[in-house]
Structures are given as C-alpha cells and as structure tokens.
Amino acid sequence: MTVTPKISINEGNLVVHGKTILTGVPDNIVLTPGSGVGLDAGAFIGATASDSKSLHVFPVGTLDGLRFMCCFRFKLWWMTQRMGMYGKDIPLETQFMLVESKDDSSEEDSTIYTVFLPLLEGQFRAVLQGNNKNEVEICLESGDNAVETNQGLHLVYMHAGTNPFEVINQAVKGVEKHMKTFHHREKKKLPQFLDWFGWCTWDAFYTDVTAEGVDEGLQSLSEGGTPPRFLIIDDGWQQIGVEANKEPEECLVQEGAQFASRLTGIRENEKFQKNGKNNDQAPGLKHVVEEAKQNHNVKFVYVWHALAGYWGGVKPAATGMEHYDSALAYPVQSPGVKGNQPDIVMDSLSVHGLGLVHPKKVFDFYNELHAYLSSCGVDGVKVDVQNIIETLGEGHGGRVALTRSYHQALEASISRNFPDNGCIACMCHNTDGMYSAKQTAVVRASDDFYPRDPASHTIHISSVAYNTLFLGEFMQPDWDMFHSLHPAADYHAAARAVGGCPIYVSHNLFAFVSDKPGNHNFELLKKLVLPDGSVLRAKLPGRPTRDCLFADPARDGTSLLKVWNTNRCSGVVGVFNCQGAGWCKVAKKTLIHDTLPGTLTGSVRATDVDLMDQVAGADWNGEVVVYAHRSGEVIRLPKGASLPITLKVLQYELFHFCPLKEIASNISFAPIGLLDMFNTSGAVERFDIQLALEKPEVFDGEVSSELTGSLGKSRSPTATIFLEVRGCGRFGAYSSQPPLKCTVGGTMTDFNYDSANGLLTFTIPVPEEEMYRWPIDIQV
C-alpha cells in the first residue's frame, strides 16, 4: 500500500525514501498521507484497537540496527537525550525521535533522516517507547478514565529528507498546519529581555528572598561593571499558607521550596512590604520594582508563579479568592512518567493534594494576578511547575483538555497585561503544553543548574543542546541561570554564549554573609556582558552539529559535543567535553558513571554551521578565517578543511567561522569581532565592501602578491570596508594585506597588524548610547 511516493508500508515494512525503517508492522497500523503545503512530504501513523480504553499501547514495528536520537522525559518536568540503535533503547515518554538511515555510499545526501513526532489527537496524547522485542510502541492516553477511544489516525507524524535540521523544522511546521493549536517559534514575538544581561534571585536566597536582598544583589552586579538589565524575582514573594503542620521527612523539599503550600492571595507577602507589614495603600512590590528601575536602571522585571498559582495550587475558599472555585485534586501520574524518575514534588502533592482553580475560572485568576503585577511595574512572569496540570485531568475531560484550557487562559492574560509577550515557561516539557502554545516564546530547556551537584554540569550542557533540536522549533530555549564564581563557570558561560539564549546569573546562598556583597567573577561576566548591560546573543537556538546527532557526548567516552549557531556575519561552533555523567535508567537519577573521563580529540569545519552558505552569501568560495576564543589563534582555513581540537572534561573552545571575502586578486578580508568576548563575532552587525572607482596602478618598486608579501603603504586604496560593530574593546579582523587607514565613528584610530597571521586589531571605545553600533571604515 503506497501512501506517498516517499513513505509507505510495503509487505509489513515501513519504508522511507526507499530505506526500511521498521519491520513487522502490524495490520492495525494505518498510514495517512499528509496533505496540503508542508505536509505532502510526510505521513501520519495511526492505530486501531478492538475495544475502547483510556490508555492503549500499540506496537508499530521493529527497529533493528539504525542509529537514533530521541528526547524523552526522564522526570515529570524535563526531557533529556538518549541514543540507541534498537527498539528496546527507546525510553518511556519519548516525545521526539530522529532516525538515521544510509547506504554504503559516502555521499552526505545518501543519508536519510526521519523524524517521528508523537502528537495530540482530540483528548488523547501519544508518546513513543520501546519494548524488549525491539518494537517501537505508541502509548496513547487521555488521563481521565471516563475518556476512552478505540483508535487514533494521526498519532505520530513522520517527515524525512537529507538535511536533519530542515526535516525537523518542516515537520513541526507541517504539524502546526495540521493541528492549528500552536505556533512555530518563528511566528512568535520574542520578548526584549533576551538581549540584556539578567539576575535571578533563586540561588541567592531561594524562598527567603526579600526586598532588601533584591536591592543588594542588583547593586553588587552594577558595581562590578556588569549591570543587570532584567531581574527575575523567583519563588518566595507570594502569600502562601503551609497546609501540613509537619511535613513527612520524605517530602522535605529541595532548597526550601514549600511543595505542600498553597496560594492565599495574589499580592506580595510581608517580606516585600515596608516594615514587614501589609499596606494596601503602598504595595511593597511596586516599590521594589520602582527602585530596581530607577536606582539600578533595570529595564525588565519578571516575577515567578506556578501554573497552578503555587506549588500546591490555590487554597480553596481562601479569603478574597473564593471566586476562583479552587478545589482539592490529587495528582495521578501516567505510567510512563512513573516508570522513569520519581519526583519529590509528587510525593508531597499526592499526600496533601493541590488546590486546582476551576478551568472556567482560571482566566480570571491569571488576569487578576497579572493585572496587579502590571500595576506594580512588572513586565512579565516566569510560569513554573507547568506539567503538574497533566496529572489532574480526571473529571476534567483528560490531560489534554485541562492543559489546553490553562494555557489558553494564561496566554490570553499575558497578551492583555504584558505587551512584550513577557513569559518564560518552566518545568514544562510535555507535548500537552508545547502543542497548545500559540504565543509563549521562551522555554527553559533543561533541568536546573545545580551548583552543588558535580554530576549535573556536563549533562546540563548536552541535554540543553539536544532538547533544543525539538524545543527550539516551538520557543527560544533558555539555558537557565548559572554562577560566575564556580569551578564550571567558564564552561557554562561559553555554552550560553553559543546557545542563543538569555544570559543571567544567580549566586551563592551565602553571598551576602560577608561585608562584601555578591560573589561574582566580573572578569568572566565581562566576556558576556557589555558595559551598557546588553549581551551579544547568537541568532538561533544552539543545536548539536550534524556529526554529533547520533553520538553520545555524555556517555560514550569518545565523542565531543559540538553546538552550532549563527551571528549576522559569521557562524560559531562551541566544542565541549561533556563526558562522565548522565541520567541512569537503573538508579533513576543523574549519576557520575566515569570519575576520570579521558581527554578527547575531534575536529571542526565551517560546514559544521549548517546555515553557513546563507550567512556567507552567494559569492562565497568556501574559505573562512577561524578565530578560536580560548587559544586566541587566527587561522585561514581553505574550503573543506578542518581543525583539530583536544579537550579534557569540562573544557571547551569557541570557534568563530568568518567568511573570507576576496576583494582583489591579492586582497582578502574577514571581520572577526570583539576578541575578548565569548561570542566574538556576534559584535559584527554589518559588513560591506565598496571598491575604488579605478583600479590603482601605483608602482612603488615592490613586486607583491597576497601569498608572497605585502603591498606598499603608499599605494592607492583598492576598496573601503564598511562595518557596523556593537560593543567596545579589542576588535579584530583578518586582512591579507595591511590596511591603509582605519576610522571608528569617523575618527581615525591607531591599529596593529600582524603579518604572520593577518590579524588586524584596534580598540573601540565605550559608546555613550545603549545598543550603539559603531560605524567603522577600513581602507585596504
């Protein structure tokens, strides 16, 4: 039965582009061709059963010997990556899978990449999993025993092609057109805070945050020369009540969060009131926000709340909140989630229950909460603990219906009260939410930065990168805060520089014990943050390079992780040694599995940046100038050539690939950027060349060529290079010949030229205006 010319079931085999992906496909598995723009290259997998149930498991076929990479939920809230070759390697709660199939040809285009996206259909949600027979299974569930079905025709969408990044992008866009319940990231408004440096209160205070602590934290960063321009007031500002007099020992919460506590009011608690007393006439939160903006020049203030209001929801019949019709509900986790990592939040809530605002009243709740926050000058919210809603679908039409009602209400309130689309989604890695998000544009991309857990740092970086293959199609991934004063600080900082993500820090719980407030490494932060508080953010979500997609840089002991991104005029590849730790399916937690991971060697090349051709332009001949940030090396790299890189665990390097422009037969040029910044080439916003009207023919007694020597200084200019550069400090560019003149902002500037490697350097001053782009002219 041929479904499309490229995807079919033939004699019990699932065949994609002529290559068999699954064998032994059962008769109850049905393929439906995609139809319409964006869907015609794909197909939907469906299944039928003999009886109606609220939960089905459908074997789809056997996966045997093909490399795959998948993203699965290792705990209720978060995804991580897993690689394998057989059906049994596919974890429970797999929400995204990419399969590689290739023949013996060495041609890159001979490899076919097939993406599998389990979907929402009606009131049901599908995920993938494997079994011991190496069968791929679809687990289909409603989350409400009263909501049953005996079939689904659009449970998994398949899309295939020769470029994995295009395949994933086209697949999600195709599903967007099919489902009409969410929007792709490219259609969403990105909030402005993304381009500014920030500070989050969480690791500094946890739930003990106070108005005084906020002021002190902002002051410490500003005094160090890295002023935060956005602030997240995390958990600890709300009015809550603890429901249990004494928590069971096993329900004690990490870092002091009160998982059994419920919201008792929408305003701030006494810690944020003047003199520690509530005063309806003078909201303390408004005063905190005004002081942050007026005294510390903070531009954007976000505050934290849970999707259910607080960890334990909204207290039923709390004074002033009766109209939300909150009622106690007890979470029920899906079998797939329970089969992975147990969660301390669920341990607590399953005993004490959660105060669930009635779905028909949840918009009123969000709107009143957000309207109050907006009146205090707050610009947005970090909405946490989102996936708890999927566990509460019983009696509400199931998990999909309840989640969608909450997300629609949330986004409607965000749109009404925070015009910059001020929302960060957190603890939200379920497809119930992602396929319901039409507006939310920023998503936390992995489990937390855990400063005290040595097992967490390498897997944090690799998980964010692989999760972004999927999440990055829906929202701009947020790689979480980090500490600048930490053994792995530069590792985390470099990763965020290539991630295209917001950059914000927190610091030690004991940061304010001494007379010197704030524990920060300002030398490190100044590699990320410009004096005006802005950052050089890469343009896209950072993702693993093509040759890393099916390697396992956390566990295989041999592979380095490479993450690619683009800037306006260049590409960048971050290389990280992430070996030694990962999530263990036996222990059901993240562990160090190799205490002495080895030194690894790999290579990088310009085409590791998948969109390098687009960045470079139509006239590019494939040559690049490479700047390695840590080593400071500048290398002219021919088309197709690669560079070796050797790293120990927790080491990194950032390679900036700058397309070389041939101006004349003996003059080539490539701007590099601010050499002391992590995202060096992110500073270059414009690169144009204007040739002289007449080709100079001045002979100065020297016989020169680009390869054998320099042109004379008395020659006439061949061209003028026009750059626009944001930031300040040491600027570098490659020039095959020494320039004749450099001007910055219309003023001639001194420069240095190293004829050994072609590196041209000069200093750009600190601009007076924010986000200023210096005009730079270079005559060659």
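The values are calculated or read from the model by the stated rules, or taken from the named source; none is laboratory data. For clarity, every value in this text was computed on a predicted model and none was experimentally measured. Note that we place each Cβ from the backbone using ideal geometry, even for glycine, and neighbour counts take in every protein chain shown.
When each of 433, 422, 500 is tested for being at positive phi and surrounded by 24 or more Cβ atoms within 10 Å (Cβ to Cβ), the lone residue that passes is 500.
When the strands (runs of 3 or more DSSP E) confined to region 560-655 are screened for residues that are surrounded by 24 or more Cβ atoms within 10 Å (Cβ to Cβ) and at negative phi, those reaching at least 2 such residues are found at 561-566, 571-576, 581-584, 624-628.
Give the residue that is nearest to the chain's Cα centre (by Cα), with candidates limited to residues of region 394-438 that are part of a loop (DSSP other than H, G, I, E, B) and closer than 17 Å to residue 372 by Cβ. First the steps, then the outcome.
In the first step, residues of region 394-438 are kept if they are part of a loop (DSSP other than H, G, I, E, B); the result is 394-398, 418-422, 426-430, 435-438.
Next cut, closer than 17 Å to residue 372 by Cβ only: 418-419, 422.
Values: 418: 22, 419: 23, 422: 17 Å.
That would be 422.
The set of residues in region 760-770 being in contact (Cβ under 8 Å) with a residue 60 or more places away in the chain, under 17 Å from residue 744 (Cβ atoms) and either small (Gly, Ala, Ser) or surrounded by 14 or more Cβ atoms within 10 Å (Cβ to Cβ) (or both) consists of 761, 764, 767.
Table: residues versus (1) crowded, with 19+ Cβ neighbours inside 10 Å; (2) of a type in the set (A, V, I, L, M, F, W, C); (3) on the phi > 0 side of the Ramachandran plot.
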{"position": "43", "(1), (2), (3)": "yes, yes, no"}
{"position": "47", "(1), (2), (3)": "yes, yes, no"}
{"position": "53", "(1), (2), (3)": "no, no, no"}
{"position": "61", "(1), (2), (3)": "yes, no, yes"}
{"position": "72", "(1), (2), (3)": "yes, yes, no"}
{"position": "76", "(1), (2), (3)": "yes, yes, no"}
{"position": "79", "(1), (2), (3)": "yes, yes, no"}
{"position": "88", "(1), (2), (3)": "no, no, no"}
{"position": "93", "(1), (2), (3)": "yes, no, yes"}
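Which ones in region 436-463 are buried (at least 24 other Cβ atoms within 10 Å of the Cβ), farther than 19 Å from residue 413 by Cα, free of Cβ contacts under 8 Å to residues at least 40 places away in the same chain and not charged (D, E, K, R)? The one that is buried (at least 24 other Cβ atoms within 10 Å of the Cβ), farther than 19 Å from residue 413 by Cα, free of Cβ contacts under 8 Å to residues at least 40 places away in the same chain and not charged (D, E, K, R): 460.
The residues of region 58-89 that are among the aliphatic types (A, V, I, L, M), under 30 Å from residue 444 (Cα atoms) and assigned to a strand (DSSP E or B), listed by number, are 69, 79, 83, 85. Considering only region 330-342, I want to know if a residue exists there that is polar (S, T, N, Q) and without any contact (Cβ under 8 Å) to a residue 60 or more places away in the chain. Checking region 330-342: not a single residue is polar (S, T, N, Q) and without any contact (Cβ under 8 Å) to a residue 60 or more places away in the chain.
Condition first: within 25 Å of the chain's Cα centre (by Cα) and either under 20 Å from residue 385 (Cα atoms) or without any contact (Cβ under 8 Å) to a residue 12 or more places away in the chain (or both). Now tell me which residues in region 206-230 satisfy that. Answer for region 206-230, where residues must be within 25 Å of the chain's Cα centre (by Cα) and either under 20 Å from residue 385 (Cα atoms) or without any contact (Cβ under 8 Å) to a residue 12 or more places away in the chain (or both): just 206.
The residue of region 178-232 that is surrounded by the most Cβ atoms within 10 Å (Cβ to Cβ), among those that are part of a loop (DSSP other than H, G, I, E, B) and of a type in the set (Val, Ile, Thr), is 201. When residues in region 469-493 are screened for being assigned to a helix (DSSP H, G or I) and farther than 21 Å from residue 549 by Cβ, 5 of them pass.
Taking first residues from region 377-397 that are at positive phi and partners that are at pLDDT below 95 and not basic (Lys, Arg), the Cβ contacts under 8 Å between residues at least 6 apart in sequence or on separate chains come to 385/345.
Kindly indicate whether residue 175 is farther than 21 Å from residue 306 by Cα, β-branched (Val, Ile, Thr) and either out of contact with any helix residue (DSSP H, G or I) (no Cβ under 9 Å at 6 or more places or on another chain) or assigned to a strand (DSSP E or B) (or both). Criteria met by residue 175. Of the residues in region 326-360, how many are part of a helix (DSSP H, G or I) and of a type in the set (Val, Ile, Thr)? Residues in region 326-360 being part of a helix (DSSP H, G or I) and of a type in the set (Val, Ile, Thr): 4 in total. Just wondering, is there one or more residues in region 668-678 that are in a loop (DSSP other than H, G, I, E, B), over 30 Å from residue 169 (Cα atoms) and out of contact with any Ser or Thr (no Cβ under 9 Å at 6 or more places or on another chain)? There is at least one residue in region 668-678 that is in a loop (DSSP other than H, G, I, E, B), over 30 Å from residue 169 (Cα atoms) and out of contact with any Ser or Thr (no Cβ under 9 Å at 6 or more places or on another chain).
Might you check whether a residue that is under 30 Å from residue 533 (Cβ atoms), surrounded by 19 or more Cβ atoms within 10 Å (Cβ to Cβ) and at pLDDT 90 or above occurs anywhere in region 702-723? Yes: one or more hits. Taking region 174-205 as the range and being among the small types (Gly, Ala, Ser) and more than 22 Å from the chain's Cα centre (by Cα) as the test, only 204 passes. A count restricted to region 447-467 and to residues that are under 20 Å from residue 204 (Cα atoms) and either part of a loop (DSSP other than H, G, I, E, B) or polar (S, T, N, Q) (or both) stands at 9. Residue 648 meets all of the listed conditions (1) among the charged types (D, E, K, R); (2) under 26 Å from residue 760 (Cα atoms); (3) modelled with pLDDT of 95 or more but one, namely (2).
Hey, does region 510-526 have a residue that's within 19 Å of the chain's Cα centre (by Cα) and either touching a residue at least 24 places away in the same chain (Cβ under 8 Å) or farther than 30 Å from residue 183 by Cβ (or both)? No: region 510-526 contains no residue that is within 19 Å of the chain's Cα centre (by Cα) and either touching a residue at least 24 places away in the same chain (Cβ under 8 Å) or farther than 30 Å from residue 183 by Cβ (or both). Restricting 76, 14, 98, 31 to those that are over 20 Å from residue 155 (Cα atoms) and at pLDDT 95 or above reduces the list to 76. Can you spot a residue in region 535-546 that is touching a Phe, Trp or Tyr at 6+ places or on another chain (Cβ under 7 Å), under 25 Å from residue 486 (Cα atoms) and surrounded by fewer than 22 Cβ atoms within 10 Å (Cβ to Cβ)? Scanning region 535-546, I find no residue that is touching a Phe, Trp or Tyr at 6+ places or on another chain (Cβ under 7 Å), under 25 Å from residue 486 (Cα atoms) and surrounded by fewer than 22 Cβ atoms within 10 Å (Cβ to Cβ), so the answer is no. When 403, 431 are screened for being without any contact (Cβ under 8 Å) to a residue 40 or more places away in the chain and over 19 Å from residue 479 (Cβ atoms), only 403 passes. Are any residues in region 362-390 of a type in the set (S, T, N, Q), closer than 16 Å to residue 418 by Cβ and crowded, with 24+ Cβ neighbours inside 10 Å, and if so, which ones? Once the filter is applied, which keeps residues that are of a type in the set (S, T, N, Q), closer than 16 Å to residue 418 by Cβ and crowded, with 24+ Cβ neighbours inside 10 Å, region 362-390 yields nothing.
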